[in-house]
Amino acid sequence: MKRKPSDFELQVLGVLWDAPGSTVREVRERLPDGKDRAYTSVLSVMQVMKKKGFLDKEKSDGGGADRWRAVVGRDEISRPIL
């Protein structure tokens, strides 16, 4: 992996490792730092993370919210950091 995730991206990954298939709203509610972030801010970061190859999303059938998951594992991320 060429890029290492930022602190905030690590928080998002942590949520999705623990709860794969979460919506942006669910990720926002579960962020461990407790900061009140706008939905659109979290969505923007997650979209950038998808472009970087950290996340993927599944389109919802029937107009519901998209479901997101991490495509990198904890060990893949923690190895270069350690």
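The values are calculated or read from the model by the stated rules, or taken from the named source; none is laboratory data. Predicted model, so just to flag it, every value in this text is computed and none were measured. Note that we place each Cβ from the backbone using ideal geometry, even for glycine, and neighbour counts take in every protein chain shown. Surface accessibility is based on the protein's heavy atoms, side chains included, excluding ligands, DNA and RNA. Shrake-Rupley method; radii C 1.70, N 1.55, O 1.52, S 1.80 Å.
Structural remarks
- Contact order for the chain, expressed relative to its length and based on alpha carbon pairs under 8 Å spaced 6+ residues apart, stands at 37 percent.
- Within the accessible area of the chain (1.4 Å probe), percent carbon and sulfur: 47 percent
- Under 5 Å from the amide H of Leu55 lie the amide H atoms of Lys50, Val71, each residue being 5 or more positions distant or on a separate chain, with H modelled from the backbone and absent for Pro and chain starts.
- Working from label points 7 Å from Cα in the Cα-to-Cβ sense, the Asp33 to Leu10 distance is 1.1 nm.
- Where Lys51, Lys35, Lys57 fall by accessible area, highest first, once all protein chains stay in place (1.4 Å): Lys51, Lys35, Lys57
- Calculated SAXS-style log₁₀ I(q)/I(0) at q = 0.26 Å⁻¹ - the range 1-74, Debye, Cα scatterers: -1.34
- Accessible surface for the chain, divided over its residues, is 66 Å² per residue with a 1.4 Å probe.
- Computed from Cα atoms, the angle from the helix 7-18 axis to the main principal axis of the chain rounds to 70 degrees.
- Residues in the range 43-51 carry Karplus couplings, in order, of 4, 4, 5, 5, 5, 5, 5, 5, 5 Hz; the curve used is 6.51 cos²θ - 1.76 cosθ + 1.60 with θ = phi - 60°, and Gly or Pro positions show x.
- Solvent accessible area, Å² - Asp56, 1.4 Å probe, full protein context: 50 Å²
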